[in-house]
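Engineer: Sharing a structure with you now.
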Amino acid sequence: MGKKSTRVCITGGAGFIGSHLVDECVNRGMKVSVIDNLSVGKKDFIAPHIQSGTIEFIRADILDPYLLKVALGGAEVVYHLAANPDARWGLEDPSIDLELDVITTFQVLEGMRKLKIPRIVLASSGTVYGDVGTLEVDEKYGPCRPISLYGAGKLAAEGFVSAYTESFGIQGVICRFGNVIGARATHGALYDFANKLRADPSVLEVLGNGKQAKPYINVKDLVGALTFIADKAKGPFETYNIAPTGATTVEFLAKTLLKELGLKKTGIKTGDTAGGWRGDIPQSRMNSRKLADLGWSPRYTSDQAVEAGVKAFVRDLRSK
């Protein structure tokens, strides 16, 4: 799907990952439409493309069938990124992942079926595997047993893509992300740390014991993987892990941010629990050999992704 005439629709395209994917697709000469209700995403992230007329932007909720149809019209591939961005939100409102992960995916698939759009690339997550300790999981691992409503929503969305693939001939590609890091972050540990330091630069509180370790992928690497997979995946239904080998601790992330901000005197205060909150997976490792065999591997290791991502994030903060 990389030829210049390709038209793509990116749901959630004004968000952290989505806006970087917009950049990538525009750079590749694709015609891009974006639908985003800006509940989390920011128009500023894609404003240069809107102003130059290189993309079509529809500010709307995916649950609006008319405007969703407008956004999807003429697309050859849909990158479905719109979802609940923060796993913790489900603890406050258990319905949020049902609505923002599952029903939105159903609406997109229904729109694609009616408009005869052939391919969807779904943004999923390593959280679908559940808490399996330091076991390095590949795409064949199962049964998946998510421990957060966020993970459950992602797994249910995958199920709908699988069913539509079989029932209606839509090609489905599932991409399970590791932790994503980089400029424009609107949620996640790095974003939370920055907000805490803004309120009190003398100490940085870390939820959990700081030893939680997960694979981090730089957002620039991630969007490169997404477009590569959209080009190369051939089967009617494929699933790919997108993450480097190994993992990085939350403590390393915190220290890297303090170093980049020049906060030499700021202390780090950790808790005594393995996870940061209920549903948080303390340890995660992902095997991305299937994607490597297809011909793509990340530029950065997990630690390198954190270092480069923190630099980009801080540079972005200072530019504002």
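The values are calculated or read from the model by the stated rules, or taken from the named source; none is laboratory data. Just so it is clear, the structure is predicted and the values come from calculations on it, not from any experiment. Heads up, the Cβs are rebuilt from the backbone with ideal geometry, glycines too, and the neighbour counts pull from every protein chain shown. Each accessible area value is taken on the protein alone, full model and side chains, heavy atoms only, with ligands, DNA and RNA left out. Shrake-Rupley method; radii C 1.70, N 1.55, O 1.52, S 1.80 Å.
Engineer: Would you check which residues across the stretch 133-151 are in contact (Cβ under 8 Å) with a residue 40 or more places away in the chain and either of a type in the set (F, W, Y) or under 21 Å from P215 (Cβ atoms) (or both) and list them?
Structural biologist: G133, T134, L135, E136, V137, D138, E139, I147, S148, Y150, G151
Engineer: Ok, one more. Since T245 meets every condition but one in (1) closer than 28 Å to G159 by Cα; (2) free of Cβ contacts under 8 Å to residues at least 40 places away in the same chain, which condition does it not meet?
Structural biologist: Evaluating T245 over (1) closer than 28 Å to G159 by Cα; (2) free of Cβ contacts under 8 Å to residues at least 40 places away in the same chain leaves (2) as the failure.
Engineer: With the structure loaded, tell me whether L204 is surrounded by 19 or more Cβ atoms within 10 Å (Cβ to Cβ), more than 18 Å from T127 (Cα to Cα) and more than 17 Å from the chain's Cα centre (by Cα) or whether it fails that test.
Structural biologist: Yes.
Engineer: Looking at (1) of a type outside the set (A, V, I, L, M); (2) touching a residue at least 60 places away in the same chain (Cβ under 8 Å); (3) more than 23 Å from V203 (Cα to Cα), find the lone condition where D293 falls short.
Structural biologist: (2)
Engineer: Those residues that are hydroxyl-bearing (S, T, Y) and touching a residue at least 60 places away in the same chain (Cβ under 8 Å), I need them from the stretch 45-85; list them, please.
Structural biologist: Y79
Engineer: Restricting to the stretch 16-34, name every residue that is out of contact with any Ser or Thr (no Cβ under 9 Å at 6 or more places or on another chain), touching a residue at least 60 places away in the same chain (Cβ under 8 Å) and not in a helix (DSSP H, G or I).
Structural biologist: Once the filter is applied, which keeps residues that are out of contact with any Ser or Thr (no Cβ under 9 Å at 6 or more places or on another chain), touching a residue at least 60 places away in the same chain (Cβ under 8 Å) and not in a helix (DSSP H, G or I), the stretch 16-34 yields nothing.
Engineer: Quickly run through the stretch 112-135 and pick out the residues that are open to solvent by 40 Å² or more (accessible area, probe 1.4 Å) and among the basic types (K, R).
Structural biologist: The answer is R113, K114, K116.
Engineer: Quick check: anything in the stretch 36-44 outside any strand (DSSP E or B), touching a residue at least 24 places away in the same chain (Cβ under 8 Å), under 16 Å from I117 (Cα atoms) and of a type outside the set (F, W, Y)?
Structural biologist: Taking every residue of the stretch 36-44 in turn, none turns out to be outside any strand (DSSP E or B), touching a residue at least 24 places away in the same chain (Cβ under 8 Å), under 16 Å from I117 (Cα atoms) and of a type outside the set (F, W, Y).
Engineer: Continuing with this model, one more query. Testing E158 on (1) part of a helix (DSSP H, G or I); (2) surrounded by fewer than 19 Cβ atoms within 10 Å (Cβ to Cβ), one condition comes back false. Which one is that?
Structural biologist: That leaves (2) as the condition not met.
Engineer: When you go through L91, L109 one by one, which is the residue that is among the aliphatic types (A, V, I, L, M), part of a helix (DSSP H, G or I) and open to solvent by less than 30 Å² (accessible area, probe 1.4 Å)?
Structural biologist: L109
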